[in-house]
Amino acid sequence: DGGITQSPKYLFRKEGQNVTLSCEQNLNHDAMYWYRQDPGQGLRLIYYSQIVNDFQKGDIAEGYSVSREKKESFPLTVTSAQKNPTAFYLCASYGEGSGNTIYFGEGSWLTVV
Amino acid sequence: GEDVEQSLFLSVREGDSSVINCTYTDSSSTYLYWYKQEPGAGLQLLTYIFSNMDMKQDQRLTVLLNKKDKHLSLRIADTQTGDSAIYFCAYHTGGFKTIFGAGTRLFVKA
């Protein structure tokens, strides 16, 4: 089935560590996104990529990094510079077609311990 | 600017209709969306409406669009406990960005 797969579902990070969240899509979409969602809050855009080997900062990019070496993959690294990383992270992709719809993965919970 | 506003909470009784409202700022948006998020899960597309439409109905869901007032609403008929979730209004900009509201938390009382 076509869709977006995020892993891991739950991740714990120690202070000072970098961690990487995986996002893979088999929808053949050009654009991919990372959002952060804090409890009881809406979505905030971290980074987005319109095409392979290109990405742009969103509204809250500080402390995060991404890469887009393959069309299918858009991993997000939460660096030690991100002082408050505990949140729910959502990956999404977008493609032209019926409704020009953005599709989401099931999300990854990151907790600092 | 790019902004979407929604009320934060809505509580209804099972069997009643729910109406979730949203206002947006970008008049050039082509598609407007309603997404549903259940606890601990990603966002699931419920329905969308093209900007040249006033209304779209899909089973228990009715979407109304008032372009003059930049107002979008989602009506859920015969609301069930399984409809309890967060509902996000969103629109797609001319580029590759989708702008989301903060979400409306729907509570359905049995």
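Coordinate-derived values only; no laboratory data. Just so we're clear, the structure is a prediction, and the values are computed from it rather than from any experiment. Backbone-built Cβ (ideal geometry, glycine too); neighbour counts: all protein chains shown.
Here are the numbers:
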| item | result |
| --- | --- |
| Cα pair distances in the protein assembly as shown, grouped into 5 Å bins until the bin that holds the longest one, percent each | 1, 7, 15, 18, 19, 16, 12, 7, 4, 1, 0 |
| Chain A: Cα Rg divided by the 2.2 N^0.38 Å rule of thumb | 1.01 |
| Integer Hz, Karplus 6.51/-1.76/1.60 couplings in order for region B:47-60, x for Gly and Pro | 6, 9, 9, 7, 5, 8, 10, 9, 8, 9, 10, 9, 6, 7 |
| Rg(Cα) / (2.2 N^0.38 Å) computed for region A:62-105, rounded to two decimals | 1.44 |
| Size of charge dipole - chain B - debye, nearest 20, with Cβ of Lys, Arg +1 and Asp, Glu -1, no other charges | 60 debye |
| Neighbour-count order for B:Arg105, B:Arg13, B:Arg60, fewest beta carbons within 10 angstrom listed first | B:Arg13, B:Arg60, B:Arg105 |
| Dimensionless Rg ratio for region B:1-68, taking C-alpha atoms and the 2.2 N^0.38 Å reference | 1.20 |
| Chain A: most fluctuating residue of A:Ser65, A:Ser93, A:Ser49 per GNM, C-alpha cutoff 10 Å | A:Ser65 |
| Cβ-Cβ FRET estimate between A:Thr77 and B:Asp69, R0 fixed at 35 Å, reported to 0.05 | 0.25 |
| Among A:Phe12, A:Phe55, A:Phe88, residue whose mean-square fluctuation peaks in a GNM of chain A (springs only between Cα atoms under 10 Å) | A:Phe12 |
